[in-house]
1. Restricting the search to region 145-154, which residues are surrounded by fewer than 15 Cβ atoms within 10 Å (Cβ to Cβ) and either at pLDDT below 75 or within 16 Å of residue 363 (Cα to Cα) (or both)?
2. Within region 226-250, track down each residue that is exposed (fewer than 14 other Cβ atoms within 10 Å of the Cβ) and either β-branched (Val, Ile, Thr) or farther than 22 Å from residue 60 by Cα (or both).
3. I'm trying to understand the selection: among the residues of region 42-78, which are within 26 Å of residue 169 (Cβ to Cβ), touching a helix residue (DSSP H, G or I) at 6+ places or on another chain (Cβ under 8 Å) and at pLDDT 85 or above?
4. Looking at this structure, is residue 185 at pLDDT 75 or above and either under 24 Å from the mean Cα position of the chain (by Cα) or more than 17 Å from residue 333 (Cβ to Cβ) (or both)?
5. Return the pairs, sorted by first residue and then second, in which the second residue is assigned to a helix (DSSP H, G or I) and modelled with pLDDT of 75 or more, the first residue lies in region 131-153 and is within 13 Å of residue 101 (Cβ to Cβ) and among the hydrophobic types (A, V, I, L, M, F, W, C), the beta carbons are less than 7 Å apart, and the residues are 6+ apart or on different chains.
6. Name the single residue, out of those in region 358-390 being of a type in the set (D, E, K, R) and modelled with pLDDT of 75 or more, that is surrounded by the most Cβ atoms within 10 Å (Cβ to Cβ).
7. Pull out all pairs, ordered by first then second residue, where Cβ-Cβ is under 9 Å, the residues are six or more apart or on different chains, the first lies in region 251-271 and is closer than 14 Å to residue 61 by Cα, and the second is surrounded by fewer than 16 Cβ atoms within 10 Å (Cβ to Cβ) and small (Gly, Ala, Ser).
8. What are the residues in region 1-38 that are within 21 Å of the chain's Cα centre (by Cα), at pLDDT below 85 and among the polar types (S, T, N, Q), if any?
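The values are calculated or read from the model by the stated rules, or taken from the named source; none is laboratory data. What you are looking at is a predicted structure, and each value in this text was computed from that prediction instead of being measured. All Cβ positions, even for glycine, are placed from backbone atoms using ideal geometry, and neighbour counts span all protein chains on display.
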Amino acid sequence: MDLEHGKCWDSSKKDSWKTILILAYQSLGVVYGDLGISPLYVYKSTFAEDIQHSNTNEEIFGALSFVFWTLTLVPLFKYVFIVLRADDNGEGGTFALYSSICRHAKVSLLPNRQVADEALSTYKLEQPPEKNSSRVKMYLEKHKFLHTALLILVLLGTCMVIGDGLLTPAISVFSAVSGLEFFMSKEHHQYAVIPITCFIIVCLFALQHYGTHRVGFLFAPVVLIWLLCISALGLYNIIHWNSHVYQALSPYYMFKFLKKTRKRGWMSLGGILLCITGSEAMFADLGHFSYAAIQIAFTFLVYPALILAYMGQAAYLSKHHETNYQISFFVSVPESVRWPVLVIAILASIVGSQAIISGTFSIINQSQSLGCFPRVKVVHTSDKIHGQIYIPEINWLLMILCIAVTIGFRDTKHIGNASGKLQLSN
């Protein structure tokens, strides 16, 4: 029994390596789809306003440095090595973290500690924890206003993640479909992107009732191919255009970026933060998979692929300053393979939206169990993994709102600005 983390489990029932690797494979299509497609729109959103990259390359190298360190500090160090360990009986997400705190300190303002609820709760210890109270615990329990402040922070964080669930499918699919501009006239492209985007979003949400495990096996090959694709493109661009782009990984380029761009540079950081869009799904979807599976998939595949992709784009842009007003992921793709990459990108964008949708289902379920959300129907889609669920009402509501966002904003830059602010708040 692991009392430190509040879990009750038998060591003989630990997942085998085969199970962990299968879950890691499935997590590609559910957890990392959103994070994996961020190269489609990060640079475009960052340079969307007044910033232009000059012949000195200080701007593009500074943006690459910001992206590298943001990916390293937030998803890799924060989530993979720290936050994922703070699960609550295998569940992740903001409310799971709050529930874990409430079981170890008397700070809860929600009725989940009543005896009647305890019999139904999955967050239950077989024996009471030790009574050696820490100073932080005593301080939290003593000051009542901190109880309210903690709950408000939890509710705000939850709302931010759900809000991200509205914006992510829209910007992901919209950015991928926008690649059609290289194959269509400007007039036809303008009228084709929004209908195609809306149709793809409808199809995506229509698949949700099949469950995370089935969708994971269906989507995982797409994400795997996409990650291998952007890795290969990144290596090609680095070797072909600028093999010294690795120098931009130095934090010094962040200082040079801000020194040169000043206020405009600070305003563009919202675009930089889009590189970690979907990171919260790594924690929110913890109940769908496992700590080891998520850690292995990100550390050994997702993270290296993303770094290569961003470095490759920066290498290309460092030699093509005429693309100031046409910065797009697809300009760095060789023309001979642009069509296949476009198809893979569209498929990957569909998968990318799956991460935040699954995370939203988990968060809504946790909110409901703590009495912070109206009662909705929760369908368990797997008889092996307890956390894999589907909520019909939330699914269709998200679909309608995603379509409304797509039609309302009609532009990657505006959706990206809104999404970037959410990432900053998170």
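1. 152, 153
2. 228, 239
3. 42, 43, 63, 66, 67, 70, 71, 74, 75, 76
4. When the stated conditions are applied, residue 185 does not pass them.
5. Final answer for the pair search is 140/146.
6. 377
7. Cβ pairs passing all conditions: 260/54.
8. Those that are within 21 Å of the chain's Cα centre (by Cα), at pLDDT below 85 and among the polar types (S, T, N, Q): 26, 27.
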